[in-house]
Every structure is written in C-alpha cells, then in structure tokens.
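Input: a single structure, listed below in structure tokens.
What follows draws every value from the coordinates through simple rules; no lab data is involved. This is a predicted model, so every value here is computed, not measured. With ideal geometry, Cβ positions are generated from the backbone for all residues, glycine too; neighbour counts draw on all protein chains shown.
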Amino acid sequence: MTQASDTPLSTIFPLGAEGRYRRRIAVAELKSFTDLTGDDDPIHWDEAFCRTTPYGRPIAQAILLLGYLSAASVRLTAVSGVPVVSLGYDRIRFITAVFAGEEIDARFTVTGHDEAKRRVFGAAELRVGDRLAVAAQHILQRVG
C-alpha cells in the first residue's frame, strides 16, 4: 500500500502503533558480527574466555542490539509504503548485558510526530524476558 506524500504522518503512523522484532541470539551470529565490524573483543564470541569473566558467557555487541531496534521500526514502517530513513537515536541506554542464547524482543512504539519536518518519533526498547536491556528514542525521517 503506497501512501500519498501529503498524507499526514500521524495518519500513517498513529500514536501507539508498534513494530516488533524477536529472535534468539546465537554465539555464531555474535562471531559473524565481529567479523563484519572488526569488533573482535573476545567478550562477544569466545566462550572459554567469557567463562573467566563476571559475565560467564558471550554478550551481544551494543551496536548489534541497536540493529535489532532498527529491525523493529522497519516491521512497522515497511508495510506503509512510505519511505523513511533513520535520523538516529537519542538518549540511548544500555541497561544490562544481553547474552548469547537469550531471546530478545525489540519494539518501536510511535510516540510523536513533527509534520513540518516530516519526522516520526518512537520509543525503542529491547527486552529479554522482564529485563529492559536497551532503551532509546528513535527518530525517523520521511523521504517520499
């Protein structure tokens, strides 16, 4: 469904609209992300090394977790047919570690609009069970 460029963002993405992305994080994915980014700290992929740390097991890279938050916003915006890009995240907080083997639930919930600037604001949260692991404000820009 394609929305006309003059349709208000508040109509296309109403307050409270939500996108979600869930997945279980595997050590192999953390290692692949390490290989892609060069973030080769063994805390992310070396299980033997991790057993010598207070964490005891590999932890997900912070930037990977932001990627999962982006996936949540795409789950909402892609179905609209309205092209948007991310302008970034404000007030990012990495509250607790996310471990290999855990299932994440990333959410993007529309919290506001700036029609003049063609922006959508959303609360971005990543949870593991009851644990809030990452929180931020995600800002999207309409480009079409």
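Points to keep in mind about this one:
Yes or no, residue by residue, for (1) touching a helix residue (DSSP H, G or I) at 6+ places or on another chain (Cβ under 9 Å); (2) touching a residue at least 40 places away in the same chain (Cβ under 8 Å):
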| site | (1), (2) |
| --- | --- |
| Ala48 | yes, no |
| Ile59 | yes, yes |
| Val84 | yes, yes |
| Gly88 | no, yes |
| Arg91 | no, yes |
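- Among the residues of the stretch 38-58, at least one is touching a Gly at 6+ places or on another chain (Cβ under 7 Å) and in a helix (DSSP H, G or I).
- Single match in Asp40, Asp114, Asp105 (criterion: out of contact with any strand residue (DSSP E or B) (no Cβ under 7 Å at 6 or more places or on another chain), surrounded by fewer than 19 Cβ atoms within 10 Å (Cβ to Cβ) and closer than 23 Å to Ala26 by Cα): Asp40
- Residue within the stretch 94-105 that is within 13 Å of the chain's Cα centre (by Cα), within 21 Å of Thr7 (Cα to Cα) and either among the basic types (Lys, Arg) or not in a loop (DSSP other than H, G, I, E, B) (or both) present: no
- Residues (among the hydrophobic types (A, V, I, L, M, F, W, C), surrounded by fewer than 13 Cβ atoms within 10 Å (Cβ to Cβ) and in a loop (DSSP other than H, G, I, E, B)) located in the stretch 6-37: Leu15, Ala26
- Within the stretch 93-139, the set of residues being in contact with a Gly (Cβ under 7 Å, 6 or more places away or on another chain) and without any contact (Cβ under 8 Å) to a residue 24 or more places away in the chain comprises Phe121 only.
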